[in-house]
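Notes for the one structure printed next.
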Amino acid sequence: MFASLDVLHLTAQTGVMIETLCELGAQVQWSSSNPLSTQDHVAAALVKNGISIYAWKDEIEEEKLCEETTADITQLRILFNTNKLKVPVINVNDSVTKSKFDNYYGCGESLIDGIKRATDVMIGGKIVVVIGYGNVGKGCTKALSIYGARVIVTEIDPICALQAVMDGYQVTTMTEACKIGQIFVSATGSTGLIRGEHMMKMCDMAILCNIGSGQTEIDVVWLKANAVQIEHIKPQVDIYHLLSGRAIILLADGRVINLYK
């Protein structure tokens, strides 16, 4: 018998893993790593079986003790370097199994799954703009290419941009890419990547989604303020009709597409 105190997205898949650990003799206590990804029915079922679960959807935590995303690790490093970090934080993101496997393979596969489930569109032949060519962006471009997409990359880091070129992708600016893209994938963890000035130039029924972090990679505030009509198609799929007559499809309300339920 061994004890386990773990932090990970509390989804149905994680629930199966927790039950497996318990069957193997572990004494498990579990907390979610993301309040948006927690599936309450899974947490409730585990608690009913006597497992200690500390997670619920949309929970608010005042202190974080571990972090697994590149975007938040960057912010935590800033806090640490300015002596403003008040509690120890375990950097999960820099683990090789996280950055080179989960970010690269996991995000690429779950991006395709998210787009397919939400829109049912055929990816083959589509012009897909991937914003960012870090580990997540690299995995997404590869997955999209396997499905036959014509991938264009935008990247401000010259080394990553050169990597994209050497990997065979066209690299350009968002100012140019917004005119020709049909699907846009934000994969940076930064803010303000897809702005109003870009959306005004996009083709009719362009699809926008985020696999980076938070809800600020796409300017959802601008989109809502400038839409003459918002058409709710189904959960996580909304069409914003603009004054120009064109429409934009926003997935998961601009939040991370492979986590938002």
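The values are calculated or read from the model by the stated rules, or taken from the named source; none is laboratory data. These numbers come from a predicted model, not from an experiment. Please note: Cβ atoms are built from the backbone with ideal geometry, for glycine as well, and neighbour counts cover all protein chains shown.
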Could you pull out the residue among Thr141, Thr188 that is assigned to a loop (DSSP other than H, G, I, E, B), in contact with a helix residue (DSSP H, G or I) (Cβ under 9 Å, 6 or more places away or on another chain) and surrounded by 17 or more Cβ atoms within 10 Å (Cβ to Cβ)?
Thr188
State whether the residues of the range 55-72 include one that is closer than 30 Å to Ala149 by Cβ, of a type outside the set (Asp, Glu) and part of a helix (DSSP H, G or I).
yes
Take the conditions farther than 25 Å from His41 by Cβ, modelled with pLDDT of 95 or more and touching a helix residue (DSSP H, G or I) at 6+ places or on another chain (Cβ under 6 Å) and apply them to Ile218. Does it pass?
yes
Restrict the check to the range 31-52 and report whether at least one residue is basic (Lys, Arg) and either closer than 30 Å to Thr172 by Cβ or surrounded by 12 or more Cβ atoms within 10 Å (Cβ to Cβ) (or both).
no
Condition (residue is in the same structural domain as Pro235 (by TED's automatic domain parsing) and within 20 Å of Ile248 (Cα to Cα)) applied to the range 84-106: is it met by at least one residue?
no
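Out of all the residues in the range 92-108, which are surrounded by 15 or more Cβ atoms within 10 Å (Cβ to Cβ) and either assigned to a helix (DSSP H, G or I) or out of contact with any Cys (no Cβ under 6 Å at 6 or more places or on another chain) (or both)?
Asn93, Lys98, Ser99, Asp102, Asn103, Tyr104, Cys107, Gly108
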Tell me, please, whether a residue that is surrounded by 15 or more Cβ atoms within 10 Å (Cβ to Cβ), of a type in the set (Gly, Ala, Ser), closer than 17 Å to Leu36 by Cβ and touching a Gly at 6+ places or on another chain (Cβ under 9 Å) can be found in the range 254-261.
yes
Name the one entry in Val136, Val130 that is among the hydrophobic types (A, V, I, L, M, F, W, C), in the same structural domain as Ile207 (by TED's automatic domain parsing), farther than 26 Å from Lys234 by Cα and touching a residue at least 40 places away in the same chain (Cβ under 8 Å).
Val136
When residues of the range 144-158 are filtered for being in a loop (DSSP other than H, G, I, E, B) and surrounded by 15 or more Cβ atoms within 10 Å (Cβ to Cβ), how many remain?
3
When you go through (1) under 26 Å from Leu162 (Cα atoms); (2) in contact with a strand residue (DSSP E or B) (Cβ under 7 Å, 6 or more places away or on another chain); (3) without any contact (Cβ under 8 Å) to a residue 60 or more places away in the chain one by one for Ala187, which number turns out not to apply?
(3)
Could you list all residues from the range 11-23 that are closer than 13 Å to Ile51 by Cα and either modelled with pLDDT under 75 or not β-branched (Val, Ile, Thr) (or both)?
Gly15, Met17, Glu19, Leu21, Cys22, Glu23
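Quick grid of which residues meet (1) touching a Leu at 6+ places or on another chain (Cβ under 7 Å); (2) of a type in the set (Phe, Trp, Tyr):
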| site | (1), (2) |
| --- | --- |
| Asn83 | no, no |
| Val92 | no, no |
| Lys98 | no, no |
| Tyr105 | no, yes |
| Glu109 | no, no |
| Arg117 | no, no |
| Asp120 | no, no |
| Ile123 | yes, no |
| Val128 | yes, no |
Determine, yes or no, whether Ala161 is surrounded by fewer than 18 Cβ atoms within 10 Å (Cβ to Cβ), at pLDDT 95 or above and under 24 Å from Thr191 (Cβ atoms).
yes
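Residues checked against (1) surrounded by fewer than 14 Cβ atoms within 10 Å (Cβ to Cβ); (2) within 24 Å of Gly134 (Cβ to Cβ):
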residue	(1), (2)
Gln215	no, yes
Val220	no, yes
Ile230	yes, no
Ile233	yes, no
Tyr240	no, no
Leu250	no, yes
Taking the condition of being charged (D, E, K, R) and surrounded by fewer than 18 Cβ atoms within 10 Å (Cβ to Cβ), how many residues in the range 120-138 meet it?
1
